[in-house]
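For reference, the structure discussed in these notes is given below.
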Amino acid sequence: MCGIAGDDELSAKLGCIISIGTGINSTDSHENAPKCVAGTLRQMAIETEKTEKSFSQKWNQKNKYYRFNLSTLGHVGLEEQKEKSKIESYTRGYLEHGDRKNMMRDCAKNMVGDGNYFPKINSLINSGQNYWSPSSPFREQISSAHRDFKRAESLLEQHQDQTQQYWLTFIDIRVCLASNYRLAAMDWYRSDNQIIAENFLDTGQKYLNEAEEKIEMGDSQEKKRYQVSLARLFLDEANINIKSSSGVIDEAVARSLLEKAIQLQDNIHSALNNYPILSARAQDLINLVNEDLKRAQSTRPLP
């Protein structure tokens with residue numbers, strides 16, 4: 001564990017680390033042990049304290065590490081259940097100390113996510129997106145991504161603080177869910193189940209409608225508007241395939257969609273902040289629609 005204590009990615013995923021000591025933090029408790037054993041135990045205690053100190057220094061800076069060690073219980077063996085009342089009494093006194101009460105409070109806040117839940121949600125979103133592959137993902141991958149996005153949604157709903165970050169994350173999750181339903185729809189379409197595919201597309205549109213309702217018409221929300229618009233066009237691209245009659249794509253509809261995709265990419269390019277990832281995604285969409293147009297033209301009836 002100590003070898004990865006400086007890992008920023010791990011830090012973002014962790015709420016807190018709790019270390020519960022056994023009450024032994026000195027060499028005094030080994031004085032009655034045989035010399036051959038006492039030396040080993042004494043060295044183990046010293047090494048444990050060194051490791052704990054090093055670990056503490058790394059993680060205390062991130063306000064994620066909490067160590068509780070009641071040294072006055074060092075003489076009570078871990079197996080001595082008859083000492084339960086003594087253990088409880090000593091523990092209450094230990095935790096009621098001012099500094100430790102503050103530490104308990106901070107620890108509890110980290111555990112329930114007091115302002116610290118966004119890294120956990122973002123981690124779930126990233127985890128879900130990692131299941132997407134450039135080629136068509138397997139149904140199991142789509143299901144796994146859906147599970148992570150729904151967990152992120154559930155965690156966000158537990159902290160409805162109505163801040164800007166809350167609503168931006170709300171939009172991100174809905175865009176991810178809509179995009180995942182698009183992948184699921186295409187997967188079911190390839191399995192010759194058009195009804196389920198159409199239902200999935202409808203669900204994806206509903207998620208985008210929810211996202212769109214939360215976007216304020218301001219410069220700070222520019223990127224989110226582009227995200228939602230792009231996700232909707234991807235759903236439209238899937239729709240022209242799923243709704244095609246006997247695999248024949250409507251050329252006029254495909255051409256209209258291509259114009260919208262090109263216009264959206266132009267808007268992204270001309271945006272003040274410029275969004276290269278969104279621009280690349282828009283190009284992916286343009287490439288897809290161009291393929292659709294080629295298929296539509298190849299199936300065009302001869303004059």
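Among 170-178, 120-128, the peptide with the highest mean count of other Cβ atoms within 10 Å heads the list, and the full ranking is 170-178, 120-128. Dipole check for region 124-196: with +1 at the C-beta of Lys and Arg, -1 at the C-beta of Asp and Glu, and the Cα centre as origin, the magnitude is about 140 Debye. Among the listed pairs 260/294; 150/206; 120/223; 224/260; 64/101, those with a Cα-Cα distance over 19 Å are 120/223.
Taking each residue as 0.36 nm, the span from residue 147 to residue 100 lengthens on full extension beyond its C-alpha to C-alpha distance by 13.1 nm. At a probe radius of 1.4 angstrom, the accessible area of region 151-303 per residue rounds to 54 square angstrom.
The values are calculated or read from the model by the stated rules, or taken from the named source; none is laboratory data. Treat the numbers as computed from the prediction; the structure is a model and nothing was measured. Reconstructed Cβ throughout: ideal geometry from the backbone, glycine too, with neighbour counts over all protein chains shown. Each accessible area value is taken on the protein alone, full model and side chains, heavy atoms only, with ligands, DNA and RNA left out. Shrake-Rupley method; radii C 1.70, N 1.55, O 1.52, S 1.80 Å.
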